[in-house]
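The values are calculated or read from the model by the stated rules, or taken from the named source; none is laboratory data. Bear in mind that the values here come from a model prediction, so they are computed numbers and not experimental data. All Cβ positions, glycine included, derive from the backbone under ideal geometry; neighbour counts span all protein chains shown. The area values use the complete protein model at the heavy-atom level, side chains included, leaving out ligands, DNA and RNA. Shrake-Rupley method; radii C 1.70, N 1.55, O 1.52, S 1.80 Å.
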Amino acid sequence: MNIQKTSIKSFQYLPWLLTVGVCALTIFASLPMLRWVEPTNIAMLFLLVVLGVSFWWGRGAGVLSAFLMVAGFDFFFVEPHLSFAVSDAQYLITFAVMLVVAIFISNLVSQLRRKQMVTEQQASQTAALYSFSKDLMRALNLNEVAQITTGFVRQHLGFSTCVLSASPNEPTRLVAVNSEIPLKMVETIAAESLYQQNTTHNDAHTDEHTEGYFEDEGQSSMYVLLQGSTRARGVLLVHAMGHKFQVMRDARPILDAVASMVAIAIERLHYIEVANQHQWQMESERLRGSILAALSHDIRTPLTAMYGVADGLHWLEPKPAAQVLDAADKLCEQTLQLNRMVGNLLDFSKLHAGQVRLQREWVPLDEVIGSSLRALVQPLHDVRVDVNVPASLSELLLYLDPVLFERVLANLLDNAIKYNASTLKEKIIAIDAQVQQSGTERDCVIRVINPAQHLSERQISEMFTLFERLGIERTELGTGLGLSICRTIVTAHEGQIWAENTQMNGQDALAVCVRLPVGTPPEWHEESAS
């Protein structure tokens, strides 16, 4: 160990020894030139040596060479020789000017040399960071990002690193990604504290609380926040053996650049994952819609045949038995129910594929309700429907697609029939309408009410979700698409649809409400007879 320290100290003094050697060699090599060259010209040679020493060994060696050269010039080249006495006072001016010029040249060359070294170092760092960014762009997962980061910091800065990213299951917690250093509990807590502070502030451009330091058992640690463009993505933990806080602070600009690139790489991987998930969902929805459309078309043909055969039994001669006709009626009813379900499937596939365009026209309110009731004549044969529409609203014109909106009311009535919980002998459904005024805007609200069990707020909020049947065990056929289709159609009409608990004939009931804007229909001008 002592031998090693001695060799290091000797190496530190080497530039000074070389400076003394070069100055001595130059002085003794210039002595023979006194026969042919004036001493003042030899002084120019000495200045050149000072310039070279300053360039190669720095400012200190340059200043030392300046003093040595002036002293040597006075001792060997100015009379009386081999003496520091000066016979001519003018040489004092020469010595002073020579010393000032030598020191100035030494400082100037040293500064240029230092700037050159800084420039070269910055160029080297820029090239290294550029290569580092290219490597990160090729990374396919977090493990590769962590490996590239640890390798770069170890090679160029000599520090050990660990990338801590947000946990997929707990966004406020951090997990080490391919760590090359063992993490202590206190380090993990410190990193999570830094991360949570910036996550709570939710400011992507803040410069506060972006770093932290920790020292334990001769080991220095720095925490650098991985700040993305939208939010913090994790923490970069940097380790250095010994008390190297100042060294780590000096390297902070590079660590900031590294942390920024790592955060961008993590964000890129996150957005790629999100894009892949959305792409997969889109493909799944497209495939499901295609399958539903194909099944809907293929099922309608046998359904039509089944209904025709069952209904034709009523026209046979002689008349079949009453049990046969009753079974035929039930078969027709189930066939119509299945046909409506297939229609919902087909509407769902078309609506979600964006293949349906609204064919709007001005339609009276009573005609909208009447067409929906006529479409459900068979299911409504044993149901009492109370239509409560004021006479003043019967001729109210609504700007809508009559075919699609008929599907809305038909689905609402069909649901009211299936889930009717009336305690009376016959099922009762109520339909009412009213106009609500809000400032200059007018809306028509149509409600379909039927006795039903009281629903919680969560059940009401989930009613219009795809394939949602609220967990009600029923024997009726259904797919849970009806209300979802209603919401899609009403939204396309710039309206709203919702459900709410209410009362009907003294028992709990459910009201499904549809709100449509009431526009201004065009004016009709009758042409006068000529």
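See the values below:
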{"quantity": "Nearest-0.05 FRET efficiency for Ser290 and Ser124, computed from C-beta distance (R0 60 Å)", "calculated": "0.55"}
{"quantity": "Gain on full stretching of the segment that runs from Gln155 to Gln437 - 0.36 nm per residue minus C-alpha separation", "calculated": "94.3 nm"}
{"quantity": "Accessible area (Å², 1.4 Å probe, nearest 10) - Arg340", "calculated": "40 Å²"}
{"quantity": "Distance between modelled label sites at Leu303 and Asn505, nm, 7 Å Cα→Cβ extension", "calculated": "3.0 nm"}
{"quantity": "Local electrostatic count, Gly228, Cβ distance below 10 Å [Lys/Arg +1, Asp/Glu -1]", "calculated": "+2"}
{"quantity": "Per-peptide average of other Cβ atoms within 10 Å, ordering 271-278, 30-37 highest first", "calculated": "30-37, 271-278"}
{"quantity": "Chain lengthening between Ser193 and Met44 when straightened (0.36 nm per residue, less Cα-Cα)", "calculated": "47.1 nm"}
{"quantity": "Mean Cβ count within 10 Å, highest first, over the residues of peptides 41-53, 134-146, 321-333, 220-232", "calculated": "220-232, 41-53, 134-146, 321-333"}
{"quantity": "Pair Arg252, Arg138: separation of 7 Å Cα→Cβ label points (nm)", "calculated": "3.4 nm"}
{"quantity": "Net lengthening on full extension, Glu426/Val100 (0.36 nm per residue, minus Cα-Cα)", "calculated": "105.6 nm"}
{"quantity": "Spin-label pair Glu170/His314, simplified geometry with 7 Å Cα→Cβ offset, distance in nm", "calculated": "6.8 nm"}
{"quantity": "Per residue accessible area in Å² of the range 119-194, where ligands, DNA and RNA are left out and the probe is 1.4 Å", "calculated": "57 Å²"}
